[in-house]
Amino acid sequence: MIDHFTLKVSDGAKSKAFYAAALRPLGYAVAMEFGSSCGLGVGGKPDLWLAEDPGSVRATHFALHTRHRKVVDDFYAAALAAGARDNGPPGIRKDYHPNYYAAFVLDPDGHNVEVVCHAPVRAVARKPARKRPAARARAKKRARR
Ligand SMILES: N[C@@H](CCC(=O)N[C@@H](CS)C(=O)NCC(=O)O)C(=O)O
């Protein structure tokens, strides 16, 4: 299991603002800061580190996991609003598997950031059909007899 990883970025402040906004729907926030580097995570434990190192930025790809498709949608909207470039709107990628629901954006350095949900959509439980008022009244009358 991955504990944390570090992404090289060309502008620490810019990437910090970007990731704080884009990953808010997943519950991420800035948890630690050291100079121009920072670590983001959920509940105060950083697992995504951003290290400012303009000379060695090489676009990479990583994916964060969620159990809810709505979080994928919210990530995509938040990332675009924070200045990301679109690299694939939320939807099923059936080439990966039938329930692979993901969205992709490019961060300020061109890193390909994905949020993915693998959970199948649960069938919505059907409510029993409501009886019409007249039918309800007749049923009550019968019950009183
Ligand atoms: N635009 C594509 C993006 C797909 C994508 O980036 N897939 C990942 C694998 S899950 C990939 O090919 N990453 C390699 C890379 O970014 O270099 C989509 O919307 O499906």
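A few remarks follow.
- Relative contact order [Cα under 8 Å, 6+ residues apart], the chain, whole percent: 21
- Positive-pole candidate from 119, 49, 64, dipole of the range 5-144, charges at beta carbon: 119
- Helix-only [θ]222 nm of the chain, DSSP H runs n ≥ 4, -39500 (n - 2.57) each, per residue, nearest 500: -7500 deg cm²/dmol
- Cα gyration tensor category, rounded, prolate or oblate, for the range 41-125 with a/c compared to 1.5: prolate
- Taking 86, 109, 95 in turn, the Gaussian network model of the chain (Cα-Cα springs below 10 Å) assigns the largest fluctuation to 95.
- Unit charges on C-beta of K, R, D, E only; dipole of the range 5-144, Debye: 2720
- Intensity falloff of the chain expressed as log10 I(q)/I(0), Debye formula with alpha-carbon point scatterers, at q = 0.10, 0.12, 0.14 Å⁻¹: -0.43, -0.54, -0.68
- When each of the peptides 57-69, 41-53, 7-19 is scored by how many other beta carbons lie within 10 Å of its residues on average, the order from highest to lowest is 7-19, 41-53, 57-69.
- Computed over the chain with a Gaussian network model linking Cα atoms closer than 10 Å, the most mobile of 81, 20, 103 is 81.
- Beta bridges per DSSP with both ends in the chain, % antiparallel, nearest 5: 70
Every number here is computed from the coordinates shown, using simple stated rules; none is lab data. Since this is a predicted model, take the numbers as computed values, not measurements. We place every Cβ from the backbone using ideal geometry, glycine too, and count neighbours over all the protein chains shown.
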